[in-house]
Structures are given as C-alpha cells and as structure tokens.
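Enquirer: Okay, here's the structure, questions in a sec.
The values are calculated or read from the model by the stated rules, or taken from the named source; none is laboratory data. Just so it is clear, the structure is predicted and the values come from calculations on it, not from any experiment. With ideal geometry, Cβ positions are generated from the backbone for all residues, glycine too; neighbour counts draw on all protein chains shown. Keep in mind that these areas ignore ligands, DNA and RNA; they rest on the heavy atoms of the full protein, side chains included. Shrake-Rupley method; radii C 1.70, N 1.55, O 1.52, S 1.80 Å.
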Amino acid sequence: MVIVFVLVAVLVLAVVVTANWYVWRRLFRDTTRGPGPVRRAGAVLIAGGWVLAIAALVAERSGAPFWLQQVLAWPGFLWLALSIYLLLAVLAGELVRPLLRRFLEHRARRTDQGSQPGPATRTAGAPAGSAGGSPTASPAGRTPATGTTGPQVNGNGVAAPQANGSGAAPTSATASQPNGGAGAASTATAVPAAGSRAGSGGATASAAAPATASQPEAGVGAPTAETAAPQANGSGAAPAPGTATSDADGAPASATAPDATPEGSPESAATANPTGAPAGPTRRLFVSRVVAGAAAAAAVGTVGYGTYGVLRGPKVKRVTVPLAKLPRAAHGYRIAVVSDVHLGPVLGRGFAQKVVDTINATQPDLIAVVGDLVDGSVKDLGPAAAPLARLRARHGSYFVTGNHEYFSGAEQWVEEVRRLGINPLENARREMPYFDLAGVNDVAGEDEGQGPDFAKALGDRDTARACVLLAHQPVQIHDAVEHGVDLQLSGHTHGGQLWPGNLIASGANPTLAGLDRYGDTQLYVSRGAGAWGPPTRVGAPSDITVIELASKQA
C-alpha cells in the first residue's frame, strides 16, 4: 500500500512539474531571444507561486498563526487558480499558433509578390550606347539606363565595369578629371543594371554602390585611377557599405549600411523585410509572443472576474419543490439554504455580513446552514462569524456539520453556533409546524466517532409527515432514500467551483448542483455561498437558494 501511495505521489509530482515547465516554456522561453532576466523572472514567478500555494495549504491545516495564514492565503490560493487557467490557455494557444503562422506567411507572400520589380527599362533622357562603341554617359544628376549588360564608356573612352557573370564589380562612380589637358572637366556616372544577377559563384550582385573618384588625367586616353568600394560579385569581392544586395533569384535581400544593426535584432528583421511582416525565426518569435500574451491575458481576466464574483457576495436563487405529504397550509413555505461559506483567512467578517444581509432580505420562514461554515478555529474566526447572530427567520436557523468543521474543531464550532443563536442538529430531528426537520453529521466525523446516524435522526418519526433532511454531502442521499426522506438539502460540491473541476466533482457526487430525484426522495444541492482555497469561481457562481415548498394538496 505504501508503495502504491509513493508511486501515485511521484506520478502527480511529475505531471505538475511537466505542466509548469511547459507553461514556462511557452510564456517565457519561446517569447525571448535567449537566456536573460525575463526567463529567470518567469522561473521565479512560477516556482515562487507554487511555494506560496503549498505554504498556504500547510499553514491552514497545521493551525499556523492566523496572521501568517492571511499573508500566505491571498497570493498562494490565487496562484492555484491562475496556474490552472494559464495551463488551459496555453494549451488552447496550440490551436491558434499554426493558424496565425499560416496567416502571416500568406500575407508575406502576397506582399512580396506585389513588391517584385517590373521589366528593365531605360531611364528617360539617357542616350543608348551605339554599337560602334560611341560613349554612353549620364547627364549630370541622372541615372543611366537599366538592364545594361555590356560596359558603359565615359567621355574619354574609359569603360566602366558592369555586373556580369565574369565577376566584374559594378559601381556607381562619378569621376572628375581634366579633359585632354584642356582643363575641361567631364563627369561620367556608371551604375549597374537594376536586378543584376550574381555570377557563377552564387554571390549576390550589387544593386547600387556610389563611389566618387577625382584624379588629374595625364593625357587623353590615359587610364583613370578610381577609388570604388568593392562589390559582391561572382569573384567573391565583399559588398561595399550602403550596398543593397539581391539574392541569386533576384529577390531583394537586406540592405547593408555602415551602421548596420546586429543580425537577429528587431531592427535587422525590419530591414530584411521592409513590409514589416516577420519572417523566419522572427515570425515564430512574433507568433509566440502574440499567443503567450493572449493566454496570459485570458487567464488573468478569468481569475479576476471569478474572484470578483465571489467577493461581491452570493446571488439568490429560487426553486420550487413540491412535496406530496406537505399540508395545504404549508404551501409556499420558504427555506433559505446556505452552504459552504468557508469563513477563513481570505473570506472574513465582511463576507459573513454580506451573507447574512442576503439571507435576511429574502424573509425566509426557516434558515438551513448545511455545513462547511468555517476553515479555522473558533479562536481565529469567532469574530468573523459574529454577524451570523443577526440571522432572522420565523422558525429559526439550523446547522449541520460539514467535512471542514472536522478539520477545524467540530465540537467547538457546534457550541459557537449555538451561542450565536443557530440550532445545531447533530443526528437529531425537530418537529416543525408542517413537517419534520432532521439533520445528520457529516461522514468526515466518522474518524472522530461522530459520523452520521440516520437511525437516531429518523428512526422513530411519523412517516405520514413530510420530512426535510439537512446533510452536507450529496452522497448521503442513499441513506435518506432508505429512511423515507422527502427532501434532502446539501452542499459540499461548490458546483465544481473552478471549471473544468465540475467534471471531477460530478464523478464523485450523485448530483453536482440543483434539484434531482431519487425514487420518492428529492435532492437539492447548493453551489455554496463562498469558496474554498482560491476565492474564485469559474462556471459555478455562488448562491443562496430559497426553497419554496409546494403542497400537492393545494
């Protein structure tokens, strides 16, 4: 048995660790470029949250000083709820991630197709070079014709190199030199053809490389010494600063400037893709950040709204329950059912006052408190429970223990609620004017010899009278059926409290919430007024139910 317990504990620990590593990976590792303070902060947040959560649970169960319980409870219990919805939101993000990536890839392809250069054309006003080798020069301030494959010739007959398969480096050069010794200056500007291809070596060819050379000419036809920045070409020469390169297919690539940003930075990503759409690893990073941000926002919003729903107080729910044995005079009799208030280090005196005010506003004939009133000792929570003394009903208030009372000192709380004017029913029955009201202890009391005793509570009653039973847990319905109970009022389930916890709670209880029937016995289960652990409810709003009994004889 011990081995099985250890194996189950190890399995649970492995699942929890794996789930939290996965959350950290998606929220922090995948959204950053490398190790750094963000990743470390994420690890501290997740690990620290679980440390606080475990400490809060241990402090509550071990009876630690109440101030310490209060300090640990809020962050620790809220982290429990937040971690659940972070995991669920990140898992849901796995469905969104590929869709967003495909959308961005599709948009990038459309943008690239729309930005492809058209057919090569000559610049207006630039004279075409003649087949006989006549010089081709650009007028001052103009761009020479594009699409040129042969060398351009300046005014002195000097050929400017062009980008071609031989690896000659194309430049855009402006040369000022004396003309034939006569002192006249001639300016020749030569630029490569737009969209020129790389040479056989696979290197990219320069789209434009401005360079200026100025040198006196020894004579007509003497070679000109030009200073030009090296260009990427088939021979492997490096591109000059400020050179925009194109890849082997002619698609535009990154523009290199003297102050170029490091590779992998957001600036370089924007330069590489002028449309602004992320590409390659940058696109994956962008998608990860969007999904992670949406997941975190969804989790925080869900927990925040669920916590607000608890703290603002329970809503009133009204349910009509017909009873065959109920006399006509009792038609419309109102029982206010409140369960699972869970006064403790989080929900205190102010919350108890909201519960009392809500119940009293319904003007019930009878009030039934069906267990889990507190999470702590009378010493710590006596002041928090004090407003319960102001509960008002025509036929009084009644109380049965829940499992949490046995964690907190059930005998002390039975005496405390009696002192507050609430009548405890410990395996006992009261004959009300129109029906019998019975109550049994919770099954958790069995370990202390104070478990439920249906025979004691119901054994000698008049079966001709209708009977209403207060029992904390819905699983006690089977004993109620055997003893001919007409209506059982219960709590305990919280309606699941935190979705999808309702799936687990519904498997452990015959009825999760609401009214149900088992043979001739009806069962009503309240979702409860408060919350245990996280002061948060998702998909299971808190309630105080007013049961209105209906006579079939009416």
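So that you can scan it fast, the table gives a plain yes or no per residue for (1) open to solvent by less than 10 Å² (accessible area, probe 1.4 Å); (2) part of a helix (DSSP H, G or I); (3) among the hydroxyl-bearing types (Ser, Thr, Tyr); (4) farther than 21 Å from Ala531 by Cα:
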residue	(1), (2), (3), (4)
Pro383	no, yes, no, no
Phe407	no, yes, no, no
Arg429	no, no, no, yes
Ala438	yes, no, no, yes
Gly495	yes, yes, no, no
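Enquirer: Working only within segment 497-528, note down all residues that are modelled with pLDDT of 95 or more and not in a loop (DSSP other than H, G, I, E, B).
Expert: Leu498, Gly514, Leu515, Asp516, Arg517, Tyr518, Thr521, Gln522, Leu523, Tyr524, Val525
Enquirer: Which numbered condition in (1) touching a helix residue (DSSP H, G or I) at 6+ places or on another chain (Cβ under 8 Å); (2) more than 17 Å from Trp413 (Cα to Cα); (3) open to solvent by less than 20 Å² (accessible area, probe 1.4 Å) is the only one that Arg392 fails?
Expert: Single failed check for Arg392: (3).
Enquirer: From the residues in segment 60-75 that are small (Gly, Ala, Ser) and touching a residue at least 24 places away in the same chain (Cβ under 8 Å), which one is nearest to Gly344 (Cα to Cα)?
Expert: Looking at residues that are small (Gly, Ala, Ser) and touching a residue at least 24 places away in the same chain (Cβ under 8 Å), I get Ala73.
Enquirer: A follow-up question, please. Please go through (1) outside any helix (DSSP H, G or I); (2) surrounded by fewer than 15 Cβ atoms within 10 Å (Cβ to Cβ) for Ala64 and return the number of the only condition it doesn't satisfy.
Expert: Status for Ala64: all satisfied but (2).
The rows are residues; the columns are (1) open to solvent by 80 Å² or more (accessible area, probe 1.4 Å); (2) closer than 28 Å to Arg283 by Cα; (3) among the hydroxyl-bearing types (Ser, Thr, Tyr).
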position	(1), (2), (3)
Val17	yes, no, no
Ala47	no, no, no
Leu82	no, no, no
Leu86	no, yes, no
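Enquirer: For segment 450-473, what are the residues that are under 20 Å from Glu548 (Cα atoms) and either part of a helix (DSSP H, G or I) or open to solvent by 40 Å² or more (accessible area, probe 1.4 Å) (or both)?
Expert: Residue satisfying the conditions is Arg465 alone.
Enquirer: Across segment 531-554, which residue is most open to solvent (accessible area, probe 1.4 Å) among those that are in a loop (DSSP other than H, G, I, E, B) and touching a Lys or Arg at 6+ places or on another chain (Cβ under 9 Å)?
Expert: Lys552
Enquirer: In segment 37-70, what residues are under 23 Å from Tyr406 (Cβ atoms) and among the β-branched types (Val, Ile, Thr)?
Expert: Once the filter is applied, which keeps residues that are under 23 Å from Tyr406 (Cβ atoms) and among the β-branched types (Val, Ile, Thr), segment 37-70 yields Ile54, Val58.
Enquirer: Let me ask another. Test each condition in (1) over 24 Å from Cys467 (Cβ atoms); (2) touching a helix residue (DSSP H, G or I) at 6+ places or on another chain (Cβ under 7 Å); (3) modelled with pLDDT of 95 or more for Gly409 and report the one that comes out false.
Expert: Gly409 satisfies every listed condition except (3).
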